[in-house]
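Engineer: Let me begin by handing over the structure; questions about it come next.
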Amino acid sequence: MVALALLVRVGPAAAQAPAPAAPSAARLQSAARFAAQRRGAVSFAVADTAGRLRGRHMARRVPSASLVKTLLLVAYLRTHRMLDRGARARLAAMIRRSDNAAAIAVHAVVGDAGLRAVGRAAGMRRLAVGGPLFDTGVTAADQARLFYRLEDVLPVRHRVFAERLLRTIVPEQSWGIPRAGRPVLDVLFKGGWRGGLVHQSAALRTPTRRIAISVLTTGDPSRAYGIATIEGIARRLLGRPRTRIQRLPDPGMAGHGVFRRRAVRARPGAGGSGRAARASHGP
């Protein structure tokens, strides 16, 4: 089974045509059916290769747990031109090992104002800050927007550092979406979990295309169950790639370059459907 789709070039006309958006509607529907069968409450969102936002219960807001650490990372990097050794070590511990003490220390520097600024920059619509840090309110739609636009919201001078942290999270926390996407796709991700709650968000990329996936689960009977839900949704969206040439379909000349300039914009009301919701996109 190919990962999302495999572009077949059959002549000059095909080379000029934009590739179909991935993941396909059939994959979205398969993921939504699987999510509906799982225990607890499950929401997910996908920012696809055409810049559209689709998913299931995308606007449901839940406590972020450690997903807030990606916001903290971006907020810190946007407000600090230089990083000393201590700052690098603190940010690495916060992201790669999900160290809570490091996150609290970073939040003491950037504050809720820093989180809100990142939310505005990423086009997040239902971010809720002001309470306990790890209870920051997030939605699958907003998390997909954030990860889809990471290249845009990260300062250029710190982008390689930030992406390396999000790519090299310790193996025992590299479950779910990265297990479904690697080694074919480059996966930048962050997870969050605590009693009855397991979340994960990720950007998945090839040299020419990218998508973002966020899966938020609450009411899980165990952490392992929540992890299995996330990985099951990701595998239904991505397929089961077997070789490195199976990747997101190349956009070709007609589609080249649109993803860096286009924000993800969901259709109002799309977040509440139990089926894979359709969405629109725009500049």
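Engineer: Roughly how many nanometres apart are two label points built 7 Å out from the Cα toward the Cβ at R126 and T168?
Structural biologist: 3.6 nm
Engineer: Then there is this: Would you work out which of T136, G176, L154 lies farthest towards the positive end of the dipole of the stretch 118-184, given +1 charges on the beta-carbon of Lys and Arg and -1 on that of Asp and Glu, about the Cα centre?
Structural biologist: L154
Engineer: Provide Y148, Y225 ordered by accessible surface of protein heavy atoms (probe 1.4 Å), highest first. It would help to have the intermediate numbers written out before the result.
Structural biologist: On the way: Y148 0, Y225 45 Å².
Descending accessible area places them as Y225, Y148.
Engineer: In debye to the nearest 20, how big a dipole does the stretch 188-236 give about its Cα centre with +1 on each Lys and Arg Cβ and -1 on each Asp and Glu Cβ? Intermediate values should be presented prior to the final figure.
Structural biologist: Working: 8 positive and 2 negative charges, 52 e Å.
My answer is approximately 240 debye.
Engineer: To the nearest 20 Debye, how big is the dipole of the stretch 75-180 about its Cα centre, given +1 on the beta carbon of each Lys and Arg and -1 on that of each Asp and Glu? All intermediate terms of the calculation are to be shown ahead of the outcome.
Structural biologist: Working: 18 positive and 9 negative charges, 66 e Å.
The dipole magnitude comes to about 320 debye.
Engineer: Which value, in Å², gives the accessible area per residue of the stretch 21-61 when a 1.4 Å probe is used on the protein heavy atoms?
Structural biologist: On the way: 1450 Å² over 41 residues.
Dividing the accessible area of the stretch 21-61 by its residue count gives 35 Å².
Engineer: Additional query: Any chance you could run the full-extension gain for R85 through D112? It's 0.36 nm times the residue separation minus the Cα-Cα distance, nm to one decimal. All intermediate terms of the calculation are to be shown ahead of the outcome.
Structural biologist: Values: separation 27, 0.36 × 27 = 9.72 nm, distance 2.44 nm.
Going from the current span to full extension adds 7.3 nm.
Engineer: Might you report the magnitude of the Cβ-based charge dipole of the stretch 12-135 about its Cα centre, with Lys and Arg at +1 and Asp and Glu at -1, to the nearest 20 debye? It would help to have the intermediate numbers written out before the result.
Structural biologist: On the way: 21 positive and 5 negative charges, 48 e Å.
Here the size comes out at about 240 debye.
Engineer: Rank-order 227-239, 64-76 by packing density, defined as the average count of other C-beta atoms within 10 Å over each peptide's residues, highest first.
Structural biologist: Numbers: 227-239: 22.9, 64-76: 25.5.
Ranked from most to least packed, the peptides come out as 64-76, 227-239.
Engineer: Using the heavy atoms of the protein chains and a 1.4 angstrom probe, tell me the accessible area per residue for the stretch 120-180 in square angstrom. Don't skip to the end; give the middle numbers.
Structural biologist: Details: 2310 Å² over 61 residues.
Heavy-atom accessible area per residue stands at 38 Å².
Engineer: Quick check: at a probe of 1.4 Å, how many percent of the accessible area of the stretch 180-228 sits on carbon and sulfur atoms?
Structural biologist: Details: 800 of 1330 Å².
Answer for the stretch 180-228: carbon and sulfur cover 60 percent of the accessible area.
Engineer: Okay, next question. Please report the accessible area of H57 (heavy atoms, 1.4 Å probe, ligands and nucleic acids excluded) in Å², nearest 10.
Structural biologist: Counting only protein heavy atoms, the figure is 50 Å².
Engineer: Keeping the other protein chains in place, figure out the carbon and sulfur percent of the accessible area of the stretch 34-133, with a 1.4 Å probe.
Structural biologist: About 49 percent, which is the carbon plus sulfur part of the accessible surface.
The values are calculated or read from the model by the stated rules, or taken from the named source; none is laboratory data. As the structure is a computational prediction, the values presented were derived from the model and not from experiment. No Cβ is skipped: glycine too gets one built from the backbone with ideal geometry, and neighbour counts run over all protein chains shown. For accessibility, only protein heavy atoms count, side chains too; no ligands or nucleic acids. Shrake-Rupley method; radii C 1.70, N 1.55, O 1.52, S 1.80 Å.
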